[in-house]
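The values are calculated or read from the model by the stated rules, or taken from the named source; none is laboratory data. These figures come from a predicted structure and were not determined experimentally. Note that we place each Cβ from the backbone using ideal geometry, even for glycine, and neighbour counts take in every protein chain shown. The area values use the complete protein model at the heavy-atom level, side chains included, leaving out ligands, DNA and RNA. Shrake-Rupley method; radii C 1.70, N 1.55, O 1.52, S 1.80 Å.
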Amino acid sequence: MRPDPSNPPKTDRHAILADRVFDGRGWRPESAVLIRDGRIAGLGAWGEVPADWPQTRLPTGAVLAPGFIDLQVNGGGGLLLNNQPTADGMRAIARAHRRFGTTGCLPTLITDTREQMRIAIAAARTVSGGDGIIGLHLEGPFISPKRPGIHRPDRIAQPGAGDLEELRELADAGRSLVTLAPECVPAGFVQTLASAGVRISIGHSEASAAVVMQAVADGATGVTHLFNAMPPLSARDPGIVGTALTEPRLTAGVIVDGIHVDPVSVRAAFTAKGADRIALVTDAMPTVGASLNRFELMGRTIKLSDGRLTSEEGTLAGAHLDMASAVRNTVRLAKLPLEDALRAASLTPAQFLGLDNERGALIAGARADLVALDQELTVIATWVDGDIDDLKC
């Protein structure tokens, strides 16, 4: 039986049946996910679904998996967080990505003024935990001027008086994240933030392996868009890339759009770290989920051409990428198993955020955030807290 998305059944329990269910760690053939009051009540075979539970049977060959979690979302649906760093802006961005299977995300503010940063932190403190918003990602401003990427050089900064206290407020904004260059912040900065409950990711940086390892000892647990905005691995200077590939305490985000990272490098990262330490991220911009082919980024025009977002100088400016496409690219371009791609899109980012009992896995008691994919790995349905967002079949 297939419910009408515009008129969902008036019940607090239902079952979703699929030919294949990926529970976050492995496959379950011909299985059903039982949902009660927005939570997963359990998993079982088709024949184990209680007779009085409404059922949604997915099309032949469909895959049911945990909803995707994106750690780096600059924008979507025509909106850039830097232009609207408010609760409504965050909600709109999250909604734009839901059609692509993303049920939880960190709206991301790239390097901007202190005032924009304060507004974003205040907004995240009010909205995190609902509407698919898990927390806030501040990508900058405490990054290396030698690796700015598309970040405006005049807004890159070193921490000053009061910055540490303001960033510590992120501890009350869900599970939030700060990307910084550890060589550009004072001693104790990383440790203080990590001790307050803020997650630290290393990015836009030229840190040596020794500096990275000190940051890890101080509490850093992530690497932002591995391979991008950092020096390449070399024989005598492993730097961030080499340390990330060998350090199990670091989870590395990777942009798998076929542009930012060569598929062979994607395979190398997964081979070195495993799918439990690689998180697919989109680094998405406003063009995702919109008909835009250009937008303004702090006074610069960013154009979309052949799937590539660049400034007038040719600098990559985020990505025209959604999580479902990242999963497909991981399978089709990098030639990796679907289970690795799905895990890197769900359970791994959930574990990084310390939310793997709540999100990223289809286990009893977890939030009923799910995505259904057809045989072409196109999203056909998304559920958030057990409520269906759409059913395209």
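Stretched out fully, how many nm does the piece from Ala217 to Ala45 gain, at 0.36 nm a residue minus the Cα gap?
Extra length available between Ala217 and Ala45 comes to 57.4 nm.
May I ask you to give the percent of accessible area on the chain that is carbon plus sulfur, with a probe radius of 1.4 Å?
Within the chain, the accessible surface is 46 percent carbon and sulfur.
Quickly work out the Ala210-to-Glu30 label distance, labels modelled 7 Å from Cα along the C-beta direction, and quote it in nm with one decimal.
In this crude label model, Glu30 to Ala210 measures out at 6.2 nm.
Calculate the spin-label point distance for Lys146 paired with Ala290, positioning each point 7 Å from the Cα along the beta-carbon direction, and give it in nanometres.
3.5
Region 151-299: percent of C-alpha pairs farther apart than 21 Å?
Distances greater than 21 Å cover 49 percent of the Cα pairs.
What ranking of Val264, Val190 comes out by heavy-atom accessible area, probe 1.4 Å, highest first?
In descending accessible area the options line up as Val264, Val190.
What span do the alpha-carbon atoms of region 169-225 cover on each of the three principal axes, reported in whole Å from largest to smallest?
32, 23, 15
What are the equivalent ellipsoid semi-axes of region 135-203, built from the alpha-carbon gyration tensor (square roots of five times its eigenvalues), in whole angstrom, biggest first?
That gives 19, 13, 10 Å for the three semi-axes.
Let me know the whole percent of all Cα-Cα pairs from region 254-393 that are separated by more than 26 Å.
31
Just want the answer: with Cβ charges of +1 for Lys and Arg and -1 for Asp and Glu, which residue in Asn329, Val384, Ala290 is farthest toward the dipole's positive end in region 264-393?
Asn329
Looking at the P(r) of the chain, how many percent of alpha-carbon pairs lie beyond 25 Å?
Summing the P(r) of the chain above 25 Å gives 53 percent of all pairs.
Return a whole-number percent for the relative contact order of the chain, with Cα pairs under 8 Å and 6 or more residues apart as the contact set.
Averaging sequence separation for qualifying contacts and normalising by length gives 20 percent for the chain.
Excluding ligands and nucleic acids, what accessible area in Å² is computed for Lys146 using a 1.4 Å probe, to the nearest 10?
Per-residue accessible area (Lys146): approximately 150 Å².
In degrees, nearest 10, range 0 to 90: what is the angle between the Cα axis of helix 87-98 and the longest Cα principal axis of the chain?
Helix 87-98 and the main axis of the chain meet at about 60 degrees.
May I ask for the angle, rounded to the nearest 10°, between helix 323-332 and the longest principal axis of the chain, with both axes built from Cα atoms and the value confined to 0 to 90°?
Computed tilt is about 90 degrees.
When the Cα centres of region 123-152 and region 335-365 are compared, how far apart do they sit, in Å?
22
Using the alpha-carbon atoms, what tilt in degrees (0 to 90, nearest 10) does helix 114-127 show relative to the longest principal axis of the chain?
Here the helix axis deviates by roughly 20 degrees.
Classify region 52-175 as rounded, prolate or oblate from the Cα gyration tensor: take a ≥ b ≥ c as the square roots of its eigenvalues, call it rounded if a/c is under 1.5, otherwise prolate when a/b beats b/c and oblate if not.
Note, shape of region 52-175 comes out prolate.
Thr113 versus Ala235, label points 7 Å from Cα toward the beta carbon: distance in nm?
5.0
Between region 214-253 and region 48-118, what is the separation of their alpha carbon centroids in Å?
Comparing the Cα centres of region 214-253 and region 48-118, I get a distance of 27 Å.
Distance from the Cα centre of region 188-210 to that of region 160-179, in angstrom?
Region 188-210 and region 160-179 have Cα centres spaced 12 Å from each other.
Counting DSSP beta bridges in the chain, what percent are antiparallel, to the nearest 5?
The answer is about 55 percent antiparallel.
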